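Asker: Let me give you the structure first, and then I'll get to my questions.
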Amino acid sequence: MSETRQGMVTVAESGSGPYSQLAHAGRHVLSADEPEASGGHDVGPSPYEFLLVGLGALHRHDAAILCGAA
């Protein structure tokens, strides 16, 4: 497996559905899709859910730094 740089993200169609995507973030592989009610196969969180997860994690991280817990 080739090495990827920290902070590098790529997104490509997974081939398993009309909206299904595979995202490579550093050494991590994530699946994204739309729910079945929206025409997807629900094999992973929707892009909107990933956005909310990222914002929530960033908020929690910042709160930990401000409170001196990090």
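Asker: Just want to confirm a number: the relative contact order over the chain, from Cα pairs under 8 angstrom separated by 6+ residues, in percent.
Answerer: 18 percent
Asker: Right, here's the next one. Counting only protein heavy atoms and a 1.4 Å probe, tell me what percentage of the chain's accessible area is made up of carbon and sulfur.
Answerer: Reported share for carbon and sulfur atoms: 59 percent.
Asker: Ignoring ligands, DNA and RNA, what accessible area per residue does the chain give at 1.4 Å, in Å²?
Answerer: The answer is 80 Å² per residue.
Asker: Highest mean first, what order results for 22-29, 60-67 on Cβ atoms within 10 Å?
Answerer: Per-residue Cβ counts within 10 Å, averaged per peptide and sorted highest first, yield 22-29, 60-67.
Asker: How high is the FRET efficiency from SER31 to HIS59, r the C-beta distance, R0 22 Å, rounded to 0.05?
Answerer: 0.40
Asker: Could you work out the pair-distance distribution P(r) of region 1-53 from its alpha-carbon pairs, with 5 angstrom bin width and percents rounded to whole numbers?
Answerer: It works out to 5, 22, 26, 23, 13, 8, 3, 1, in whole percents.
Asker: Counting helices only, and only those DSSP H runs with n ≥ 4, report the 222 nm mean residue ellipticity of the chain as the sum of -39,500 (n - 2.57) divided by its residues, in deg cm²/dmol to the nearest 500.
Answerer: That comes out to -10000 deg cm²/dmol.
The values are calculated or read from the model by the stated rules, or taken from the named source; none is laboratory data. Keep in mind that this is a model prediction, so the values were computed, not measured. Methodologically, a virtual Cβ is constructed for each residue, glycine included, from the backbone with ideal geometry; neighbour enumeration extends over all protein chains shown. Keep in mind that these areas ignore ligands, DNA and RNA; they rest on the heavy atoms of the full protein, side chains included. Shrake-Rupley method; radii C 1.70, N 1.55, O 1.52, S 1.80 Å.
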